[in-house]
1. Any chance you could count how many residues in the stretch B:233-282 are in a loop (DSSP other than H, G, I, E, B) and acidic (Asp, Glu)?
2. Within the stretch B:524-544, which residues are surrounded by 24 or more Cβ atoms within 10 Å (Cβ to Cβ) and either polar (S, T, N, Q) or more than 30 Å from B:GLY511 (Cβ to Cβ) (or both)?
3. Taking the stretch A:105-129 as the search range and keeping residues that are assigned to a loop (DSSP other than H, G, I, E, B) and within 12 Å of another protein chain (Cβ to nearest Cβ), which one is nearest to the chain's Cα centre (by Cα)?
4. Pull out all pairs, ordered by first then second residue, where Cβ-Cβ is under 9 Å, the residues are six or more apart or on different chains, the first lies in the stretch B:750-775 and is not assigned by TED's automatic domain parsing to the domain that holds B:LEU740 and modelled with pLDDT of 95 or more, and the second is loosely packed, with under 10 Cβ neighbours inside 10 Å and assigned to a helix (DSSP H, G or I).
5. Can you say whether B:PHE632 is more than 30 Å from B:ARG415 (Cβ to Cβ), in contact (Cβ under 8 Å) with a residue 40 or more places away in the chain and not small (Gly, Ala, Ser), as far as the supplied structure shows?
6. Restricting the first residue to the stretch B:782-794 and requiring it to be touching a residue at least 60 places away in the same chain (Cβ under 8 Å), which pairs with a second residue that is surrounded by 10 or more Cβ atoms within 10 Å (Cβ to Cβ) and among the polar types (S, T, N, Q) meet a Cβ separation below 9 Å and a spacing of at least six or different chains?
7. Can you pull out the helices (runs of 4 or more DSSP H) entirely within the stretch B:673-749 that have at least 2 residues that are in contact (Cβ under 8 Å) with a residue 60 or more places away in the chain and within 25 Å of B:PHE383 (Cα to Cα)?
Amino acid sequence: MSGGSWGAGGVAALIAFGPFSEPVTVSHYMVVGAVMFVAGIVCMAVKRNALGVLMGIELVLNGANVNFVALSSPYLQANGPGLGLDGQAMALFVILLAAAEAAVALAITLNFYNNHATVDVDRAEDLKG
Amino acid sequence: MDAAATLPLLLGLAWLAPLVSFVAILFYGPRMGPHGRNAATVATAAIVTSLVLSLLAAGVWLGNHPVTAAVAHGGGDHGATGIPGADSPGGQGPGHGGEGHAVGEHASGGHGAPVPPSYSGDWYTLYEAGGLTLSIGWWIDALTVMMFVVVTLIATCIHVYASGYMHDELHDVTDHEVHLADGSHLHRPGRFPRFFQALSLFCFSMLGIVIAGNLAMVFIFWELVGICSWFLIGFYYERQSASNAANKAFIVNRVGDFGMLIGLMALWGALGTLHFGDRTVVDASGAPVARPGLFSLVRPASTGHALEVPAGMVEFAAADEVAAVVRTTAAQGGGADPGAVAATVASRVDDWRARGLGRWLLFIAGVGIFCGCVGKSAQFPLFVWLPDAMEGPTPVSALVHSATMVAAGVYLVGRFYPVLTPDVLYVIAWIGAITLFIAATIALVANDIKRVLAYSTVSQLGYMMLALGVGGWAAGLFHLVTHAFFKSLLFLCSGSVIHACHTNDMRKMGGLAKVMPWTAGTMLVGCLAIIGAGIPFVIGTSGYYSKDAILAQALAFANANPGRGWLFGAVAGGAFLTAFYMFRLWFMTFAGEPRDHHIAEHAHESPPVMVRPLVVLAVLAVVAGWTLPGGFGLANLIEQARPAGTGGMEQGGFLFSGLVVPPEHESHEGAVHVTATLTAFATAAAGVLLAAVMYLWGWVSPHVVAGALRPAYEFLAHRWYFDELYHAIFVAPVLAVSALVSGADRGIIDRIIDGLAWSARCLAGFDAWIDKWVVDGLVNATADVTWNAGLELKKFQTGRLRQYVTFIALGTVALFVLLSFLYRSTFAG
């Protein structure tokens, strides 16, 4: 995914001769994962709504999950299929943890709302040094 | 009664009774009644106990050894009727711990000289090493018994008198002679018990000297007497003059005691014993061994108790000859045999003695012991302490001047008499004559009533020493006893006067006979006794007998030594001066009109407790010298104790050639006695008359005489400048050296020490600075940095969640970038 030009004229050429001309490899998945990760980070960094931040967290986690799954998928290995299911297991753990984390985070958010009548994370500065 | 067992017991208890009183008052004094009032009772009871025991002992003595006139002239050829070799075996006193030794009055082995009865032994051995034994023991003869009676009798009178005299000390005292810095007078609590405590110790010490059986014990109690005098003379120690006088008495006595120590060392080093009497000791194998005492060594029975240099001293002085004998014996092959050497040495001792070896040692021993007596008995040149000792309370003066301290010196010369060679005796006579003359002249012009008496004491002590020195053993000791009575009487009378007038200055007195008749009368008796008043050849006061004996002996000495007649002149001149100054004192104090009406109006007779001892002593001052028709009397009692071999004529001195010490019994008879008595009477009468002319009738004004003889008067009024001389010779150099040394101490040693302290302080300051600014600085800087870093880092803790996320993301990226650089440059590169 090197030096592709993002000029408007280049989009058709990109579609015709760019990435789509090759088979889907691990790199493609990793690009998707990276995009999701960055999107999640940006979401966490710019959203003031606590729920939005939580969504960003989900994005980050799932971006990582994509990488896990892609890197351990037996179908994507250039040198033939392997039997390692480590990535998948890790992804399941991450989903599990994300669910738990979401439960705790939502409970915190509800309590914060009860106390402050808002879910703006910028107002949550009681621990400021 | 068995005298050998009884006498040590009685006199030992008499000796210890004042010690019991001293200890009791020391610990319980302040609790004895209000202000310790009963301390006087305790001390008086103790001394009365001593007196009673001494009188009992005297009774026992007289029962065993009756005094008869026959003994009186017991010179060389009278008493040789005894059993040959009859040294009675020692009386084993059960419970005394030591062995007793009694010597009968029988002559030994037909040599002629009688041996006086005496008892000696040891109660307790302090220390024993080699030949030396230091012990607490006794030597009892007629002289010891008599001294016990005299000392305890006079001390009893003084105790009774002092319990009245010292009543001021029963409550708080304001001492008008002590000026404090703020101009007021010293106010202090009374010290009544303390006085009697020291008085008891004083009596105990003096009795210890009298009973002592060896010179080491004498020396112990000698020093105890010294310290007691220091306590008592310095009784009013807040007064500068009193504390100075106490120190002076103590220090001057140490000078004499230094000589005494030399004498002790000479005796011990050469003879190996300090015991007076013979002893029987048990040697290692259990066999009894006879150890001759000093008296037997110097005057052995084998020579008929004639003086000879002891073999120990001869061998000591003949060290070179003894070494030669050892070499010769060794060369002859007998070197390993000490017996052969000892036999050769013993055979040559007579030879060496004839060559004069060892006589210097004996001379030094005698003079050394006499040095101690010079200090204690206030002889020239150490007499300066005695007049200053007047700073003590008057009863102390009376005790010091009569029965205790100054008597100790004369007593020791008398006790030690057998060991003194004619040369030593001549030195003693010289010192005595010089002392009596100087002191008598100073007494002529003194105006302080107690100082007149003090100088008169010094003068009378000179008489005694002179008497002993010219061979008048009995005369000197007789005068010691009679003087003890009348001098204590005179002092107590002067105390009574001072008590009434509150001044010592005779120029403010006069006419007191009307208000204090008892004091005036008894003091007149004392004055008559001291000048030796009496009807010639009939009867007289005690001083009449003792002084006549001294004059007679001095005259006999002058006759025997034609070139040395001036001694008699000194004695006769002294008698005249004595009569003059004593009656000058009496006339100025009691006769005529009062000079100071204020004092005369307030004067009063003293209370009975003070007057009664005066009367007792006055009676004794008159009768003490009398000899009863049966021969009983002090003079004969003393004669009973005459040391063996001293009754005859002593001839020859190696220092003073042609010296003859005449036998004493000759002076009691014939022309010598008549001349002496008439001389004494004439000089005394002349002295009294002159005093009357100047001070009673006023025909010649003393001021005119003093004015006409101004230089002489000044010389005498300044006490021959002795104090100034000693100050210039001894005190001033010592002070100068002290100033120099203290200057060096302050200027050099203190400077060095101060400098060291200063540098240590600087170093410490530098250390403190390092600690404060470097060590603490580092610690504080660390804390500050940490603190500031915390403050800075605090700013990142904004509490903004979104910011944190940004930081995390960017930080992670930054870490990756950084690591990628590092990885490349460090690990991969």
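The values are calculated or read from the model by the stated rules, or taken from the named source; none is laboratory data. Source: prediction; values computed, not measured. Quick reminder, even Gly has a Cβ in these numbers, built from the backbone with ideal geometry, and neighbours come from all protein chains shown.
1. The first filter runs over the stretch B:233-282 and keeps only residues in a loop (DSSP other than H, G, I, E, B), leaving B:234-239, B:272-274, B:276-278.
Now restrict to residues that are acidic (Asp, Glu): B:238, B:278.
Summing the residues that are in a loop (DSSP other than H, G, I, E, B) and acidic (Asp, Glu) in the stretch B:233-282 gives 2.
2. Within the stretch B:524-544, B:THR541, B:SER542 qualify.
3. Initial filter on the stretch A:105-129 (assigned to a loop (DSSP other than H, G, I, E, B)): A:117-119, A:124-129.
Narrowing the set further to residues that are within 12 Å of another protein chain (Cβ to nearest Cβ) leaves A:119, A:124-129.
Details: A:VAL119: 23, A:ALA124: 25, A:GLU125: 27, A:ASP126: 29, A:LEU127: 28, A:LYS128: 29, A:GLY129: 31 Å.
Among those residues, the one meeting the criterion is A:VAL119.
4. Close Cβ pairs (under 9 Å, with a partner that is loosely packed, with under 10 Cβ neighbours inside 10 Å and assigned to a helix (DSSP H, G or I)) do not exist here.
5. Against the criterion (more than 30 Å from B:ARG415 (Cβ to Cβ), in contact (Cβ under 8 Å) with a residue 40 or more places away in the chain and not small (Gly, Ala, Ser)), B:PHE632 does not qualify.
6. Pairs found: none.
7. In the stretch B:673-749, B:710-717, B:722-726 are the helices (runs of 4 or more DSSP H) which contain 2 or more residues that are in contact (Cβ under 8 Å) with a residue 60 or more places away in the chain and within 25 Å of B:PHE383 (Cα to Cα).
Let's see how each residue does on (1) aliphatic (A, V, I, L, M); (2) out of contact with any Phe, Trp or Tyr (no Cβ under 9 Å at 6 or more places or on another chain):
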position	(1), (2)
B:ALA764	yes, yes
B:ASP767	no, yes
B:ASP771	no, yes
B:VAL774	yes, yes
B:ALA781	yes, yes
B:ASP784	no, yes
B:ASN788	no, yes
B:THR798	no, no
B:LEU801	yes, yes
